[in-house]
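Down below is the structure, laid out as structure tokens.
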Amino acid sequence: MEATDRNNREGLKAWLNPSRYGAERISYWLQRLTGVGLLGYFIGHVYETSSLTQGPDAWAAMLELTQTPMGHMILLLVIGMSTFHSANGIRLIFTEGGKGLGKPGRPDYPYDAVSLNYRQKSGIWIALILAAAAMLFGASVLFGGE
Amino acid sequence: MRESQIMKIHYVTGIAALIVVAVHIMMRLIMPYNMSLEYENVVANYHNVPYVLLLESILILIAIHGFNGLRVILLEMRQGRNWEGSITVLTIAAMIAIIGYGTRTILVANGLEMGQ
Amino acid sequence: MSETIEKLERLDKKRKEHEKKEIERSSIYLKIFRANRATGEQAHYDTVEVPVQRSTTVLDALLYAKGYKDHSIGIRYSCRMASCGSCGMKINGIPRLACYTKVSELYGDTITCEPLSNFPHIRDLATDFTQFFEHHKDMQPYIQNENADIKDPSKLSEFVQSPEDVDKFLQFSYCIKCGCCYSACPTVAMDTKFPGPQALAQAYRYFADSRDAATEERLELVDDRHGIFRCHFAGSCSTVCPKGVDPALGIQLLKGHMLGYSSNEKKIADLKERLMRK
């Protein structure tokens, strides 16, 4: 079927504003945002590492550019993003295969959805807490002065 | 290729990448962080064959997982035969390019003399 | 029995908690989205004051506004009891059924009513459901079973189904096609070819039905670029569903079958039957 009428579609606004529909919507938004961010970092990291092939001076110049407080802050963000993306990704691999969602049944008023259960909410919180913990550990390594 | 097969690959590469990246980060932490980034130490890493294989697998796994993720986002953003065809070709090309570029670094660094 | 009593007590507690949250007011302001696509009328909001009681629904308030304040308000409705799915609209930014949303459940003195997002707009609060229904039809929402020879009355017989088999799909057959899930879905908001939560939940509803034999065909229908795997479990569809259909659950269960997580119960049943025959 031709489905080209975009009239009244929310578009990007729908995923840029995750605040209206609960924790799962926020986790969807964060998973995307962190995914895009990590892909950007991955490309940058491969490029940054390639300076190794041009000898010690090029490597030192690259380190000078990246091993700065700002560079460390970006790295911290990457640590947080990768931890959240991984932990939440594992939850999603189970969930998207129908695991941990409960069984279909006979819905009763007030019709709380069984799929949006405490397991999902705890999974999202665990991913957030792990990301924060990883960032703290990363900060201790990067800014710890070793 | 069916979308369910692509998504199976997406999930498998995601989990595998998580494991190899964890090892990669551990390797940065077996000695003080700043020391691990010294030229000689980094080049020494590239002479360690198991570690080289680990780096190559990270490159391949994250390129596949990441660019497939990008393909999914771009497919959802716009629809149309030309756009969808271009997105598939471009993401596969980007995947190959980044694997090629990273592999070149690995091969060249592997050929560098230690302590150069 | 004791489980049922516990469940009823739990539900009663929830109802009471819900009632505690009710806000009492004697009147509210309805901020109604107005625009007419056909005449090129520019989008704007009209604000109307409406008297309300504890049980007044947003639909009641809108109909009062239409009856006594402004006859030209465009609104689609029918049953007034959450059965027909006609009065879906965005109420304070969230897709809901106007007949099922009490004014006392909503915060603030002003209630904003807008047409459902992701549907082509017709006039004021009415939207065009053509695309939505097309997606539903694409899922072949009917039982397919070649063993049922409808042309030969002598072969006609009942399909035997246990209550457990019914429970596997019953929830998804409660869908009233109100479009709230379609309006809340972030993928539908971007992807015009994505069937949406309603259609995909119906795909699972027929897939899970033990009377249906078109298992492979149904999986093939949704296994494409803009198919079921464009659902990322944002869960918004299930959050807004006014009938407890939980489309996200059906979609993930269907994905589970496609990914090989869940064993296909129909295939197992077939195998068992064959073994029994031998």
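The values are calculated or read from the model by the stated rules, or taken from the named source; none is laboratory data. Since this is a predicted model, take the numbers as computed values, not measurements. Ideal geometry is used to build each Cβ from the backbone, glycine not excepted, and the neighbour counts take in all protein chains shown.
A few points about this structure:
- Selection from the stretch C:121-146 of residues that are in contact (Cβ under 8 Å) with a residue 24 or more places away in the chain, surrounded by fewer than 21 Cβ atoms within 10 Å (Cβ to Cβ) and part of a loop (DSSP other than H, G, I, E, B): C:140, C:141, C:142, C:143, C:144, C:145, C:146
- Residue C:32 in a strand (DSSP E or B), more than 14 Å from chain A (Cβ to nearest Cβ) and under 29 Å from residue A:110 (Cβ atoms): yes
- Selected residue [among the aromatic types (Phe, Trp, Tyr) and not in a loop (DSSP other than H, G, I, E, B)] from C:64, C:77: C:64
- Candidate set from the stretch A:17-39 (those that are of a type in the set (Ser, Thr, Tyr) and without any contact (Cβ under 8 Å) to a residue 40 or more places away in the chain); member that is farthest from the other protein chains (Cβ to nearest Cβ): A:19
- Residue ID - farthest from the chain's Cα centre (by Cα), chosen from residues in the stretch C:170-183 that are surrounded by fewer than 22 Cβ atoms within 10 Å (Cβ to Cβ) and at the interface with chain A (Cβ under 10 Å from one of its Cβ atoms): C:170
- Of the helices (runs of 4 or more DSSP H) lying entirely inside the stretch A:17-97, the ones with 3 or more residues being under 16 Å from the mean Cα position of the chain (by Cα) and at pLDDT 95 or above are found at A:23-49, A:69-95.
- Of all residues making up the stretch B:1-59, the number that are under 25 Å from residue B:96 (Cα atoms) and of a type in the set (Phe, Trp, Tyr): 3
- Of the residues making up the stretch A:88-103, those that are over 21 Å from residue C:227 (Cβ atoms) and either free of Cβ contacts under 8 Å to residues at least 12 places away in the same chain or surrounded by fewer than 20 Cβ atoms within 10 Å (Cβ to Cβ) (or both) are A:90, A:100, A:102, A:103.
- The one condition in (1) facing chain A (nearest Cβ under 10 Å); (2) farther than 16 Å from residue C:234 by Cα that residue C:186 fails to fulfil: (2)
- Filtered by the rule that a residue be within 12 Å of chain A (Cβ to nearest Cβ), in a helix (DSSP H, G or I) and over 16 Å from the mean Cα position of the chain (by Cα), the stretch C:89-106 gives a lone residue, C:105.
- Search result, residues across the stretch C:90-118 that are of a type in the set (D, E, K, R) and within 27 Å of residue A:11 (Cα to Cα): C:90, C:96, C:114
- Residue match in the stretch C:220-236 (condition: surrounded by fewer than 24 Cβ atoms within 10 Å (Cβ to Cβ), away from chain A (no Cβ under 12 Å) and assigned to a helix (DSSP H, G or I)): yes
- Scanning the stretch C:46-61 for residues that are part of a strand (DSSP E or B) and not hydrophobic (A, V, I, L, M, F, W, C) yields C:46, C:47, C:49, C:51, C:57.
- Residue C:200 meets the conditions (1) aliphatic (A, V, I, L, M); (2) over 19 Å from residue A:103 (Cβ atoms); (3) within 20 Å of the chain's Cα centre (by Cα); (4) away from chain A (no Cβ under 11 Å) in every case but one. The failed one is (2).
- The residue that is farthest from residue A:87 (Cα to Cα), counting only those in the stretch A:119-145 that are among the aromatic types (Phe, Trp, Tyr) and within 13 Å of chain B (Cβ to nearest Cβ), is A:143.
- The one condition in (1) closer than 26 Å to residue A:60 by Cβ; (2) surrounded by fewer than 16 Cβ atoms within 10 Å (Cβ to Cβ) that residue B:45 fails to fulfil: (2)
Residue-by-condition table, conditions (1) charged (D, E, K, R); (2) more than 14 Å from chain C (Cβ to nearest Cβ); (3) more than 18 Å from residue C:240 (Cα to Cα):
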residue: A:9; (1), (2), (3): yes, no, no
residue: A:14; (1), (2), (3): no, no, no
residue: A:44; (1), (2), (3): no, yes, yes
residue: A:50; (1), (2), (3): no, yes, yes
residue: A:59; (1), (2), (3): no, yes, yes
residue: A:62; (1), (2), (3): no, yes, yes
residue: A:80; (1), (2), (3): no, yes, yes
residue: A:85; (1), (2), (3): no, no, yes
residue: A:94; (1), (2), (3): no, no, yes
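- Matching residues, the stretch C:107-120, being more than 14 Å from chain A (Cβ to nearest Cβ) and surrounded by 20 or more Cβ atoms within 10 Å (Cβ to Cβ): C:111, C:113
- Pairs, first in contact (Cβ under 8 Å) with a residue 24 or more places away in the chain in the stretch C:14-26, second of a type in the set (Asp, Glu) and outside any helix (DSSP H, G or I), C-beta under 8 Å, six or more apart: C:25/C:109
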